[in-house]
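Engineer: I'd like to ask some things about the structure below.
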Amino acid sequence: MMRYGLIGAGMMGQEHIRNIALLDGAEVAAIADPNQEMLGQAAALCGARAYPSHKAMLAAERLDAVIIAAPNDLHFPIMQDALGYGRPILCEKPLAISGAEAAALLGAGGPPVWVAMEYRYMPPIARLCAAVARGDAGPPRMVAIREHRFPFLDKIGDWNRFNARTGGTMVEKCCHFWDLMRLILGADPIRVYASAGADVNHRDERYAGRTPDIVDNGFAIVEFAGGARAMLDLCMFAEGSHWQEVVAVTGPKARIEARVPGPARFSADGAERHAELAIADRASRREHCEIIETDETILRAGDHHGATFFQHQRFLRMLRAGGRPEVTLADGAWAVRIGAAAEESAQTGQPVALEPA
């Protein structure tokens, strides 16, 4: 039995608990969180021992792995302690809230660190990535990603309402998409241009007299070494959309498109919905569309269309067999760098160049 220690008992931490419970031979044995309400809720899900701090948990427990699911701005200091513990780490995205923090973690050394980029593991997106890798589209030249979804949810202490604690929406939310762009294109970015605004959500909210400063919509263009380019279209006041994420990859042979519905609990009828994979072939001028079904038990374990479960399957395989994380510290650091560049570009109105890692 692989024993996990979970740091952070909030919404995402509890999603990890529900998904680990679906695995054979793994359990959340200990949980740490200073918020007693969240700690009690999470411990009740799995019967784990509860600790008021991650330092107390790491000092008392003999664990096989550590999961970090705390607020974004705590990832960097908690990671430093977890690296010293010496066991494999699954760190929720984003790896850090600034390029400087991410770079410091890159040079820290220590046990394997897997950065939790769940969107890679959504079944339709995983299928798209496999099709691109097979060459079904030819060499990919364009990636277009659209996420039209619900607003940021309420979190303990309202930490996700401010750039200072999240890194900004382009880091917090969009790190998934920068990661997918690099994965699909097999290249690193050289330039980012973004336009974004805080136009609809959270405008009437006040926290200690402060108005939230996170953006809720935007466009971004990312240029890559080798000449390929990618685009993001983000809107966080579009929860009526049937497809929450659409990822399209186009090459000289075909366009491949993954379509992912939003979580059932945010849909009008509360029902789970299937995903789709479509391939539009240039030679035949026909589009083939395939429905992708995922077990409803897996879908209902979280808000990421089954991705958290499939990610945990592969993380557990690494724990048992050894090997390298599929999403590395370098991948996590690049996602933070691109997001920070998009935030800077949106604020200045100027493109931002990215130096090689």
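The values are calculated or read from the model by the stated rules, or taken from the named source; none is laboratory data. Computed from a prediction, not measured in an experiment: that's the story for all the values here. Positions of Cβ are backbone-derived with ideal geometry, glycine not excepted, and every protein chain shown enters the neighbour counts. To get the accessible areas, we keep the full protein, side chains included, count just its heavy atoms, and leave off ligands, DNA and RNA. Shrake-Rupley method; radii C 1.70, N 1.55, O 1.52, S 1.80 Å.
Engineer: For residue 347 paired with residue 3, estimate the spin-label separation in nm (one decimal), with each label point 7 Å from Cα along the Cα-to-Cβ line.
Structural biologist: Taking the simple label geometry, residue 347 and residue 3 are separated by 4.5 nm.
Engineer: Now for a different question. Provide Rg and Dmax in Å for the chain, with only Cα atoms included in the calculation.
Structural biologist: Cα only, the chain: 19.8, 63 Å (Rg, Dmax).
Engineer: Could you give the angle, 0 to 90 degrees to the nearest 10, between helix 329-348's Cα long axis and the longest principal axis of the Cα atoms of the chain?
Structural biologist: 60 degrees
Engineer: Another question, if that's okay. Any idea what angle helix 11-20 forms with the longest principal axis of the chain, computed on alpha-carbon atoms, 0 to 90 degrees, nearest 10?
Structural biologist: Rounded to the nearest ten degrees, it is 90.
Engineer: Once amide H atoms are built 1.01 Å from N in the peptide plane, which residues 5 or more positions from residue 237, or in another chain, come under 5 Å H to H?
Structural biologist: When sequence neighbours closer than 5 places are left aside, the close amide H contacts are 149.
Engineer: Just the number, please: carbon plus sulfur as a percent of the accessible area of segment 251-357, 1.4 Å probe, no ligands or DNA/RNA counted.
Structural biologist: On segment 251-357, the fraction of accessible area on carbon and sulfur atoms equals 47 percent.
Engineer: What dipole magnitude, in Debye to the nearest 20, does the chain give about its Cα centre under +1 on Lys/Arg Cβ and -1 on Asp/Glu Cβ?
Structural biologist: Working: 37 positive and 44 negative charges, 162 e Å.
Dipole of the chain, to the nearest 20 debye: 780 debye.
Engineer: Please tell me the relative contact order of the chain in percent, rounded to the nearest whole number, where contacts are Cα pairs under 8 Å and at least six residues apart.
Structural biologist: The normalised contact order for the chain reaches 20 percent.
Engineer: Taking a quarter of the surface of the convex hull around the Cα atoms of segment 1-137, what do you get in nm²? Walk me through the numbers before you get to the answer.
Structural biologist: Working: hull surface 37.9 nm².
Mean projected area of the Cα convex hull: 9.5 nm².
Engineer: Keeping every protein chain present and rolling a 1.4 Å probe, give me the accessible area per residue for the chain in Å².
Structural biologist: Here the per-residue accessible area is 42 Å².
Engineer: Grab the other residues whose beta carbon is less than 10 angstrom from that of residue 156, score K and R as +1, D and E as -1, and report the net.
Structural biologist: Cβ neighbours under 10 Å give a net charge of -3.
Engineer: Summing -39500 (n - 2.57) over the DSSP H runs of n ≥ 4 in the chain and dividing by its residue number, what mean residue ellipticity at 222 nm do you reach, to the nearest 500 deg cm²/dmol?
Structural biologist: Mean residue ellipticity, 222 nm, calculated: -9500 deg cm²/dmol.
Engineer: Let me ask something else. Under the rule that an exposed site lies in a DSSP loop and has at most 14 other Cβ atoms within 10 Å, name the longest stretch of the chain with no GluC sites (Glu not before Pro) of that kind, not counting the sites themselves.
Structural biologist: 1-204
Engineer: Just to be sure I understand: of the beta bridges DSSP finds with both ends in the chain, what percent are antiparallel, rounded to 5?
Structural biologist: If we restrict to bridges inside the chain, about 60 percent are antiparallel.
Engineer: As an exercise, identify the trypsin sites (Lys or Arg not before Pro) in segment 29-111 lying in DSSP coil whose Cβ has no more than 15 other Cβ atoms within 10 Å.
Structural biologist: 62
Engineer: What residues have an amide H closer than 5 Å to that of residue 53, excluding those fewer than 5 places away on the same chain, when H is modeled at 1.01 Å from N in the peptide plane?
Structural biologist: Residues meeting the criterion, in which the H sits 1.01 Å from N, are 33.
Engineer: For segment 271-339, what D do you get in µm² per second when you plug the Kirkwood radius from alpha-carbon pairs into Stokes-Einstein at 4 °C and 1.567 mPa s?
Structural biologist: Values: Rh = 15.3 Å.
Here the translational diffusion coefficient equals 85 µm²/s.
Engineer: Let me ask another. Can you classify segment 168-251 as rounded, prolate or oblate using the Cα gyration tensor, where a ≥ b ≥ c are the square roots of its eigenvalues, rounded means a/c under 1.5, and otherwise it's prolate if a/b beats b/c and oblate if not?
Structural biologist: Prolate, because a/c is 1.5 or more and a/b exceeds b/c.
Engineer: Hey, another quick one. So, with a 1.4 angstrom probe, what is the percent of accessible area on segment 1-67 that is carbon and sulfur?
Structural biologist: Working: 1490 of 2850 Å².
Solvent-exposed carbon and sulfur of segment 1-67 make up 52 percent of the total.
Engineer: Relative contact order for segment 226-328 using alpha-carbon pairs under 8 Å, separation at least 6, rounded to a whole percent?
Structural biologist: RCO, segment 226-328: 16 percent.
Engineer: Also: Along the positive direction of the dipole of the chain (beta-carbon charges: Lys, Arg +1; Asp, Glu -1; about the Cα centre), which of 226, 144, 215 reaches farthest?
Structural biologist: My answer, from the dipole projection, is 226.
Engineer: While we're here: Taking the 0 to 90 degree range and rounding to the nearest ten, how far is the long axis of helix 307-321 tilted relative to the main principal axis of the chain, both from C-alpha atoms?
Structural biologist: 60 degrees
Engineer: Oh, and also: Among 25, 7, 130, pick out the residue whose Cα is farthest towards the positive end of the charge dipole of the chain, where Lys and Arg carry +1 and Asp and Glu carry -1 on C-beta, about the Cα centre.
Structural biologist: Most positive-ward Cα: 130.
Engineer: Would you tally the net charge around residue 63, using a Cβ to Cβ cut-off of less than 9 Å, leaving residue 63 out, and scoring K and R as +1, D and E as -1?
Structural biologist: Once positives and negatives cancel, what remains is +1.
Engineer: Could you compute the net charge surrounding residue 223? Neighbours are other residues with a C-beta less than 11 Å from the C-beta of residue 223; K and R count +1, D and E count -1.
Structural biologist: Net local charge, residue 223 excluded: +1.
Engineer: Still on this structure: If r is the Cβ-Cβ distance from residue 103 to residue 81 and R0 is 25 Å, what FRET efficiency results, to the nearest 0.05?
Structural biologist: 0.85
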